[in-house]
Amino acid sequence: MNIIFLGPPGAGKGTQSKRLEERYGLVQISTGDMLRAEVARGSDVGNQAKSLMDSGRLVPDELIIAMLKSRIEQPDCAKGFILDGFPRTTGQAEALDTMLTADKKKIDVVLFLDVDEDILADRISGRFTCAKCGATYNEVSNPPKQEGVCDACGSHEFKRRADDKRETVVERLKEYRKLTAPILPFYEKTGRLHKINGMLSTAEVTAQIEAVMAGQ
Ligand code: ADP
Ligand code: ADP
Ligand code: ZN
């Protein structure tokens, strides 16, 4: 089973992908996480992406498509994958279809997390993650059970993303509206798009996703 998560920045794609990954034994592929790892390593790809990411702009299609292609060719993806943050442009959606068809694979389900824009800025500015295991938290909606301690791994170290500032969020939402929202009809017309109300609690969002998965 291969799945795509669509939705604006802060919609809960990462949070829900992690849950789906554990429950269904799929591999989560977050292009944002991959790019942040490249930036941290100081690779060529990272150097090309850094200033665009910091300003809330998308990185060029060629770069991201090549990175994604080599990732889904890895053996661990054969059991099925969850794309979190890809595709983000019509060019990426078309390139994905072409590479999957060549491999005799397909996307089975597209989950669109629908969240009103006025909620997103607060979600993003309150977001932080465990520095050790990557678990995602939120100051308001989803703090660790014990303050300062990661629920998943017990670490005391947390980090915030450089682009999770209010000024940058405005730019990221503009990019989403202009480049990413237009790909929804691409999946809708093939009947694969499932709209999920992403404004409910994390557990309620998971329940809606599980209902869609049960129908597959
Ligand atoms: P995305 O991957 O779509 O950018 P995240 O999964 O990182 O989004 O979630 C963004 C922020 O919102 C995080 O701080 C997360 O803890 C919080 N969050 C995720 N889902 C919900 C929800 N259903 N209700 C409230 N807060 C949520
Ligand atoms: P979020 O869903 O919270 O906006 P991501 O971690 O998915 O954040 O992405 C962070 C940044 O990485 C984006 O603002 C963009 O600069 C870059 N990025 C990630 N995925 C893609 C993609 N598929 N195409 C272009 N740029 C991307
Ligand atoms: Zn942790």
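Derivation of every value follows stated rules applied to the coordinates shown; laboratory data play no part. All values derive from a computational prediction rather than experimental measurement. FYI the Cβ positions are ideal-geometry reconstructions off the backbone, even for glycines, and counts take in every protein chain you see.
As a rough footprinting exposure proxy, the listed residues E167, E210 were ranked by other beta carbons within 10 Å of their own, and the order from fewest upward is E167, E210. Which residue fluctuates most in the GNM of the chain (Cα springs below 10 Å): Q48, Q92, Q16? Comparing Q48, Q92, Q16 in the GNM, the peak value goes to Q48. Sequentially through the stretch 160-176, phi angles give Karplus couplings (6.51, -1.76, 1.60; θ = phi - 60°) of 10, 7, 4, 9, 8, 9, 4, 4, 6, 4, 4, 5, 5, 5, 5, 4, 4 Hz, Gly and Pro residues having no value and appearing as x.
Ranking E38, E204 by Cβ neighbours within 10 Å, fewest first, what do you get?
Details: E38 20, E204 13.
In increasing order of surrounding Cβ atoms, one gets E204, E38.
Cα to Cα, under 23 Å, and not fewer than 8 places away if on the same chain: which lysines meet these conditions relative to K159? Once the sequence-local lysines are set aside, what remains near K159 is K13, K18, K50, K132, K145. Overall shape: rounded for the chain, with the ratio a/c of the largest to smallest alpha carbon gyration tensor axis below 1.5. Can you tell me what share of the DSSP beta bridges in the chain is antiparallel? A percent to the nearest 5 is fine. If I count the DSSP bridges inside the chain, around 30 percent turn out antiparallel.
The aspartates and glutamates whose alpha-carbon is closer than 14 Å to the alpha-carbon of K104, local same-chain residues fewer than 8 away aside, are E73.
The phi-based Karplus calculation (6.51 cos²θ - 1.76 cosθ + 1.60; θ = phi - 60°) puts the 3J(HN,Hα) values of the stretch 46-58 at x, 5, 6, 7, 3, 5, 5, 4, 4, 9, x, 8, 6 Hz, whole numbers, x for Gly and Pro.
The dipole here belongs to the stretch 1-141: it is taken about the Cα centre, uses +1 on the Cβ of Lys and Arg and -1 on the Cβ of Asp and Glu, and is about 440 debye. Straight Cα distances below 19 angstrom link K165 to the aspartates and glutamates D33, D54, D116, E117, D118, D122, E139, E175, with same-chain residues fewer than 8 positions distant left out. Label-to-label distance, E204 versus H156, with points set 7 angstrom from Cα along the beta-carbon direction: 3.7 nm.
Taking 25 Å as R0, compute the FRET efficiency from the Cβ-Cβ separation of E62 and M1 and round it to 0.05. Before the final figure, lay out each step's value.
Working: r = 28 Å, r/R0 = 1.13.
Efficiency for this residue pair is about 0.30.
Among K145, K69, a tally of other beta-carbon atoms within 10 Å of each Cβ gives an order, fewest to most, of K145, K69.
Can you bin the stretch 45-85 into rounded, prolate or oblate? Criterion: square roots of the alpha carbon gyration tensor eigenvalues sorted a ≥ b ≥ c, rounded for a/c under 1.5, prolate for a/b above b/c, oblate for the rest.
On the way: a/c = 3.15, a/b = 2.24, b/c = 1.40.
It is prolate, given that a/c is not under 1.5 and a/b is the larger ratio.
Return a whole-number percent for the relative contact order of the stretch 10-155, with Cα pairs under 8 Å and 6 or more residues apart as the contact set. Can you show the working numbers first?
Details: 120 pairs, mean separation 35.1, N = 146.
Computed over the stretch 10-155, the figure is 24 percent.
Computed from backbone phi with θ = phi - 60° and the Karplus coefficients 6.51, -1.76 and 1.60, the 3J(HN,Hα) list for the stretch 129-144 is 10, 5, 5, 8, 10, x, 4, 9, 10, 9, 4, 9, 8, 8, x, x Hz; x is used for glycine and proline.
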